[in-house]
Structures are given as structure tokens and as C-alpha cells.
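Quick note: the coordinates plus some simple rules give every number you see, no bench work behind them. Please read all numbers here as calculations on a predicted model, not as lab measurements. Heads up, the Cβs are rebuilt from the backbone with ideal geometry, glycines too, and the neighbour counts pull from every protein chain shown.
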Amino acid sequence: MNVLASLRTALRALRKNKLRSLLAMLGIVIAVGAVVATVSIGQGAQAKVAAQMESLGSNLLMVLPGSVAMHGVATGSGATQTLNRDDAAAIEKELTNSVAAVAPINRTGAQIVYGDQNWFTQVQGTTAAYLQVRGWPLAQGEAFGREEDAAAAKVCILGKTVADKLFVPGAPVVGEQIRVKHVPCKVIGVLASKGQSSWGQDQDDVVLVPWSMAVRRLIGTQSDAVGQLMISARSPQMVDDAEREITALLKQRHHLSEQADPDFQIRNLAEMQDAAKQNTQTIAVLLGSVALISLVVGAIGIANVMLVSVTERTREIGIRMAVGARGRDVLFQFLTEAVVLASVGGVIGLLIGIVTSKWMAIKFEWPTLLSPPVMLGTMLLAGFAGIVAGFYPALRASRLDPIDALRFE
């Protein structure tokens, strides 16, 4: 029996019991759809986390003050003021081989007012290097520089969320005067949108001002203490070197021995990215494993249906063998039926998985990445499941004695 004839016979046999065939395929449909959907959602989650982490800045190190141990009691980050502008200047000047830019940051909350509109947001006092460290371009206007920082100039750059809250769409923003904590401030730029961070914070809900303006006019202090340093290494390969050199330099400046605990913390964004990536990969593997288990269940369903089919068609098998069909012809026919069941179920499941992924992407604004290798691999697994599930029933049918088969009632 050739392949086409076997395929026609298999399709004819399956059409005779449409409901049973549909129920047999259902397990494969669910399995393939679940695999495609879960893998695409898992890969989309990894891409989303990676994009959110990258939005913080490339090759980023964050230095926080604190972590001082005194009489057995350790303070947390920010509990003590151990960093200052001189530390930032020293890192920028002495570690040029590994460090690309340094941005000191002091934060405060403030009510922003423009006309009859107002909005409470976070104001960050920093330097022009901040945009370089964060990899944050401007949508409009220009950034402030060293001159504005030295003069504590009353200028600011708005995040997109703040601009949208204060100004009507299409209205001019750059050049307008707003009030920040009752301090008049000229808008010189608007930041491009970055969206939410990996921990759900709206990064666009921010106002940037020169560091000296924030500290002297908004916070109201003459101290040079810095709340945080954001540092960009020159390349991903130099992040670890930059971290070691910064640690050594700050310990030297703070008169700490090599064995002493530092009075600051350094957070490596690359390590945070790796941890987040591993977490999402673990979740994706778990979801994929559960979906593959359903593929095994679907194969068992096909095997059960094929065994019932062999029993019901015993006389048909006997007639075929009596007119010259060989055992391998019967084996091939029943294997073809099992593979057709699995393949048709796989195609339906693939379409359901694609539609489900697209629907979730639209409904929940969650990125999904359909992977052609995964879809192809899942279809091959479905076909293989059909072969495995149908082999024993087909083998059993091929070994029937023609005389006994013809006598079967």
C-alpha cells in the first residue's frame, strides 16, 4: 500500500467516527496550543524585563551611601551621608580608563505648578552627565550644563508624564515658566518617554534640575552630600573592573582599610539583569514543562482511541489480509491514522496558540514573541507523539491472524 492510498484510507476511517476522532485530537490541540502560548509569553516576559532593565541605563553602577557598622549595628543605604560631590569628581577624574560618566543625584518631592495646573512629582538634582549615564535622549529642547550647575540656575527638564499633566497636547513647553516648590523655573527641555521600570515605577514622572539648584534652593542646605551616584562603565566588559576601582578609590578617600567594611553600597545593574533574566527563564521552563506534560496526556488519548479502533475493525483487518495485505501494510495504515490525528490536532493547536498569544498581547499589553523554531519543534513533537501512541495498536493489528480476525464478532 503506497502512502497516498494509506492516507486516503486513514482519513476515511477517521471521518466515520468524527466525534471520537475530535476527542482524541483534543489533548494534542490543548498541548500544542499551550506550548506555543506559554513559550511566546515567557520569551515576551524576558524581552520586557530586559527592555525595562536597559531603560535604566547601559553598563550602570549605582553607589549609595550608608552601610556603616558601629558597635555591632549596621545602618542601611541612605541612613548616613557618606558620599559628596568631591567623591563624584574624583571618580570622574581618576578612573577614566573604566568609567565613562558620573552623575551625582539628590532627590526631593515637590509640587509643580503651571497656570491652573499642578502635579506632585519627584525632582532630581543632577548634572548634565545624567542623560549620558541613563542613555536618555531629549524629545525637545536641550540639557543644562556645567555653567547652570555652578550658578544654581533656575532651569529644568520635564519628564513626559509631567509635561502631559501640566500642558495641553500640542501646546509649547520649552521656554515656559513653571514653579517648583514656589521657585520659578524655566523649562529648557522635555525627556523622551522611557515608560515603567522593572519594579513598576513611572520613569517619566520626574523633573530634572541642576544639582546645585536642587540642593541650595529646593532642599535648602549648603552641604555637598550626595544621595546617590550613578556611574556608567565604558563597556559591559569593564563593569566589574569599574566596580573594583570605585570601591578602592572610595575606601581610600574615606580613610578605610582594605579589610574594613565600606561605608557605601555599589549595586551592579548587570547582576540585577542576570538575576531577572534567570527568574523569567525559570518561569518559562516551568510553564513549558507543564504544557509538554499535556502532550503526553494527548498521546495517551490517541493510543486509547487507536486500540478501540483496532478492536472494532478486526474483521476489516482480516478481510484485508485475506485479499493479500501484508502485516506491514496494516501497521503502516494504523500508524498513518495516528499520525494524521496528531498532525491535524497539532495544526489546530498551533493556530489556537498563535491567536491566544496575540490576544494576550493586545488585551494585557504584554509582549509575546512567537518563535518559529519552537512552533516547528512542537509540531514535530506532536507528530512523534502520534507515532509513539499509534505504534502499539498498529503492531497489534498487524499481528492478528487472518482466520481469527475473520471469525471475530
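Points to keep in mind about this one:
- Net charge over other residues, Cβ less than 12 angstrom from the Cβ of ARG15 (K, R count +1; D, E count -1): +4
- Partner lysines for LYS16 [C-alpha distance under 29 Å; skip if fewer than 8 residues away on the same chain]: none
- In plain terms, the chain from TRP359 to ALA139 could stretch by 76.0 nm, reckoned as 0.36 nm per residue minus the Cα-Cα distance.
- In a fully extended conformation the segment linking SER289 and GLN237 would gain 15.3 nm over its present Cα-Cα distance, using 0.36 nm per residue.
- Relative to the current alpha-carbon distance between LEU351 and ARG107, full extension at 0.36 nm per residue lengthens the span by 82.8 nm.
- Coupling constants for region 208-219 follow from the phi torsions by the Karplus curve (6.51 cos²θ - 1.76 cosθ + 1.60, θ = phi - 60°), and in residue order they are 9, 9, x, 4, 5, 5, 5, 6, 7, 9, 9, 7 Hz; glycine and proline get x.
- Flagged links, alpha-carbon separation over 18 Å, of LYS194/LYS358; LYS160/LYS186; LYS93/LYS251; LYS160/LYS363: LYS194/LYS358; LYS160/LYS363
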